[in-house]
Structure formats: structure tokens, C-alpha cells
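What follows is a set of notes on a single structure, which appears directly below.
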Amino acid sequence: MKKQFYILATALIGSFIFLSMSGLPEDLQDKWEVPAKYEKMKNPYEGVKDADNIGRILYAKHCRSCHGTKGNGDGTKAKGLETAIRDFTGAEFKKQSDGSLYYKTYVGRGEMPSFMKKIVDEEEQWMIVNYIKNL
Ligand code: HEC
């Protein structure tokens, strides 16, 4: 009985290690902790139609040079960066809350500039978040 238990436990632990090493998709990003306050932040413009294309225009002006037209991280400036950039159309990006995207965009870190002082209008800030979510 005891022996069977050990065999079962070893098999379970073994498959867990195997899955965590090979089963999960590769993530380009070093862990980026988002404070709970931001993670749970509500998007006041959730689902709001961007009739004036604010998101698209500001993305082209401020973000496209690194993140690329389609958000794949292949902008003209991307080659010169040392930090890998996630694809905005990929699963790792998509599973994040709007508040997390807000935090990463406006607080930034390292080679991802902070846009808190450059884009101050609340509507503009969230229209960009809405835009990158739907690239
Ligand atoms: C100078 C190049 C550069 C510009 C310009 C830039 N970014 Fe970034 N961005 C980066 C880099 C590099 C990272 C990865 C940072 C890291 O992992 O430390 C990043 C990461 C991000 C992330 C996190 C992605 C994820 O899946 O966690 C978001 C969101 C983001 N950028 C949004 C924007 C937005 C919106 C703009 C324009 C307002 C913008 N960025 C402009 C370089 C840039």
C-alpha cells in the first residue's frame, strides 16, 4: 500500500515538473508585478466606441515605433532594444486586465517608457488601452 502511494506521488510530481518545463508556452517577458490597485482598476471606457479613432491615432504616434503596426513587437525601433516585447495579439498579453495594461503603459519600466506625463487625458489613456486590446 505504502509503495503504491510512493509510485503515484512520484508520477504526479514528475508529470507536474514535465508540464511546467515543456507544456507551457514560452513567455518573453520577465515577471512584471502589477500592484493590486491597478490590476483591479476599472476601465471607465470599457466597450465605448472610439468614433474619432483616438486610440489608433495615438498608438501610431507614440507606440508603433516599438510595438509595430499590428502589435507584434516589430516596430522600427524594436531592433535596437534589449528587452523582448510580447506580441499584443498573443495569449499572455490577452489574459491581462485592462488595469494591468494601463499600469504597464502609463507607469512603464526600463525600455518601456512611462506615458503618464505625455498622455494625460483620461479618455485618451483608456482609448489606447482599448485599441491595443483589439489589435
Ligand atoms: C521605445 C520603445 C517603446 C515604445 C515607444 C512603447 N513601448 Fe511598450 N514596451 C516596450 C518594451 C521594451 C516592453 C517590454 C518591457 C518589459 O518587459 O520590461 C513594452 C511593454 C509594453 C506593455 C506590456 C505588455 C505585456 O504583455 O505585458 C504594454 C501594455 C505596452 N508596452 C504598451 C505601450 C503603449 C500603449 C505604448 C504607446 C503609448 C508603448 N507601449 C510604447 C517598448 C516600447
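Tabulated data
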read-out: Against the rule of thumb 2.2 N^0.38 Å, how large the Cα Rg of the range 28-133 comes out; value: 1.01
read-out: Helical mean residue ellipticity (222 nm; -39500 (n - 2.57) per DSSP H run of 4+; nearest 500) of the chain; value: -12000 deg cm²/dmol
read-out: Listed residue pairs exceeding 21 Å between alpha carbons, taken from Lys95/Lys133; Lys40/Lys118; Lys31/Lys95; Lys37/Lys94; value: Lys40/Lys118
read-out: Cβ-derived FRET efficiency at R0 22 Å, Arg109 paired with Lys40, nearest 0.05; value: 0.65
read-out: DSSP-loop trypsin sites (Lys or Arg not before Pro) across the range 77-134, with at most 16 other Cβ within 10 angstrom; value: Lys77, Lys95, Lys117, Lys118
read-out: Dipole magnitude (debye, nearest 20) for the range 28-133, charges at Cβ of Lys, Arg, Asp, Glu; value: 160 debye
read-out: Top of Ala36, Ala51, Ala78 by mean-square fluctuation, Gaussian network on the chain, Cα under 10 Å; value: Ala51
read-out: Kyte-Doolittle mean at least -0.5 and Cα axial length at least 15 Å: DSSP H helices in the chain; value: 2-18
read-out: Sites Asp121 and Thr89, calculated FRET efficiency, Cβ-Cβ separation with R0 22 Å, nearest 0.05; value: 0.25
read-out: Full-extension gain in nm, Asn53 to Ser97, via 0.36 nm per residue minus C-alpha separation; value: 13.6 nm
read-out: 10 Å binning of all Cα-Cα separations within the range 54-95, expressed as whole percents from 0 upward; value: 31, 53, 16
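Any read-out appearing in this document is the output of simple, stated calculations on the displayed coordinates, not a laboratory observation. Just so we're clear, the structure is a prediction, and the values are computed from it rather than from any experiment. Glycine gets a Cβ as well: all are built from the backbone with ideal geometry, and neighbour counts include every protein chain shown.
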